[in-house]
2 protein chains.
Amino acid sequence: MATKKQKINRHSRVRSDHRTELAEDYVEAIADIVDASGTCRAVDLAQQFQVSHVTVNRTISRLERDGYVTTAPYAPIELTKAGRRLAETSQQRHEVVFQFLLAIGVGESAAAADSEGIEHHVSPETLAAMKAFLDEQ
Amino acid sequence: MATKKQKINRHSRVRSDHRTELAEDYVEAIADIVDASGTCRAVDLAQQFQVSHVTVNRTISRLERDGYVTTAPYAPIELTKAGRRLAETSQQRHEVVFQFLLAIGVGESAAAADSEGIEHHVSPETLAAMKAFLDEQ
DNA sequence: AGGCAAATGTAGCACAGGCTACACATCGAT
DNA sequence: ATCGATGTGTAGCCTGTGCTACATTTGCCT
Ligand SMILES: [Mn+2]
Ligand SMILES: [Mn+2]
Ligand SMILES: [Mn+2]
Ligand SMILES: [Mn+2]
């Protein structure tokens, strides 16, 4: 039988986007922090996301469960191979969205804020359109 | 004392966007359904959002608590003045985002899907930039 | 009027992702 | 070496948003 072309409802798509959103932002942040300071600790993430360290702990537990990070008591947080891969693609997509907003005339500050949410809802097709727009400039 | 210019962290902004997201989509859907068929029942929303009618009930309860709708047992769902106002602005913003995606070359189907998530993260500044882009076309 | 299908309501469950309060571990400075 | 600050862990709470199972109400058809 042919692969069922499952026509996903658009609201279901948004809910699905949101399920992967925190993972994308966390691995992105972890990669950034590791690049900047060598290691990533829970406090760094609490600072970055403006949440309590407890919330970071619980989120990191889910990321570990899902195979994106490894942890050990009192040790820094490390990305797995899958985590690094997700961080890489997320960073690239985020950057395209950010540059695109700048390109259509949005200011630095609004572009930074808006792209943080928008990035997770940009399909490959829309991402390609944004890239094409940036190239044409 | 001067009003404190509270510099909101970008991740906090995204969390805040998400808190109003369901309300925006629901009042938008309710307004659409009322326009199309006269009244809006819970089943219509369950169909629209592809969730159970129980989930709709609980969401509608929160909307009522927050002053966007009124309900009575076994009666259709009605928007309050605040609900209609929110629906109006949400619809307009949604439409701008949708048309903007079409304008940069995204296909109908991806534009419909992506705009459903993106709309909630578009600041007034970015919305204005999108409108300006559409006008220049 | 009676009965059946559909809509609605309610009870009870799960998980994500927030929080405070408190306990314990680590590490640098003295 | 020890002490205090900082970081980390754990317990227990909350709300939002999803579900299934079951009870009740409504409304339409015969
Ligand atoms: Mn983000
Ligand atoms: Mn919408
Ligand atoms: Mn939406
Ligand atoms: Mn979102």
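Taken together, the values in this text are just the output of simple stated rules run on the coordinates, not laboratory data. The shown structure was predicted, so the numbers you read here are calculated from the model rather than taken from an experiment. Cβ sites come from the backbone with ideal geometry, for glycine too, and all protein chains shown count toward neighbours.
Please enumerate the residues belonging to region A:31-46 that are away from chain B (no Cβ under 14 Å) and crowded, with 20+ Cβ neighbours inside 10 Å. The answer is A:CYS40, and nothing else. Among residues of region B:15-28 that are without any contact (Cβ under 8 Å) to a residue 40 or more places away in the chain, those with a Cβ under 8 angstrom from a residue that is within 16 Å of ligand 1 (Cβ to nearest atom), sequence gap 6+ or separate chain, pair up as B:SER16/B:ILE8. If you scan region A:113-137, which residues turn out to be under 20 Å from B:SER16 (Cβ atoms) and either touching a Lys or Arg at 6+ places or on another chain (Cβ under 6 Å) or acidic (Asp, Glu) (or both)? Within region A:113-137, A:ALA113, A:ASP114, A:GLU116, A:GLU119 meet the criteria. The set of residues in region B:7-17 that are facing another protein chain (nearest Cβ under 7 Å) and not aliphatic (A, V, I, L, M) comprises B:ASN9, B:ARG10, B:HIS11, B:SER12, B:ARG13, B:ASP17.
Residues in region A:116-132 that are touching a residue at least 12 places away in the same chain (Cβ under 8 Å), in a helix (DSSP H, G or I) and buried (at least 17 other Cβ atoms within 10 Å of the Cβ): 7 in all.
When region A:18-44 is filtered for residues that are closer than 18 Å to B:ILE8 by Cβ and more than 16 Å from ligand 4 (Cβ to nearest atom), only A:ALA29 remains. Of all the listed residues (A:ARG85, A:ARG93, A:ARG65, A:ARG58), the sole one being surrounded by 14 or more Cβ atoms within 10 Å (Cβ to Cβ) and of a type in the set (Lys, Arg) is A:ARG93.
Close Cβ contacts (under 8 Å, 6 or more residues apart or on different chains) running from residues in region B:77-104 that are within 14 Å of chain A (Cβ to nearest Cβ) and farther than 17 Å from B:HIS120 by Cβ to residues that are surrounded by fewer than 21 Cβ atoms within 10 Å (Cβ to Cβ) and acidic (Asp, Glu) comprise B:LEU102/B:GLU108.
Checked against (1) within 14 Å of ligand 2 (Cβ to nearest atom); (2) closer than 13 Å to B:ALA29 by Cα; (3) out of contact with any Leu (no Cβ under 9 Å at 6 or more places or on another chain), B:PHE98 passes all but a single condition, namely (2).
Count of region A:105-115 residues, restricted to those that are facing chain B (nearest Cβ under 7 Å) and buried (at least 22 other Cβ atoms within 10 Å of the Cβ), is 3.
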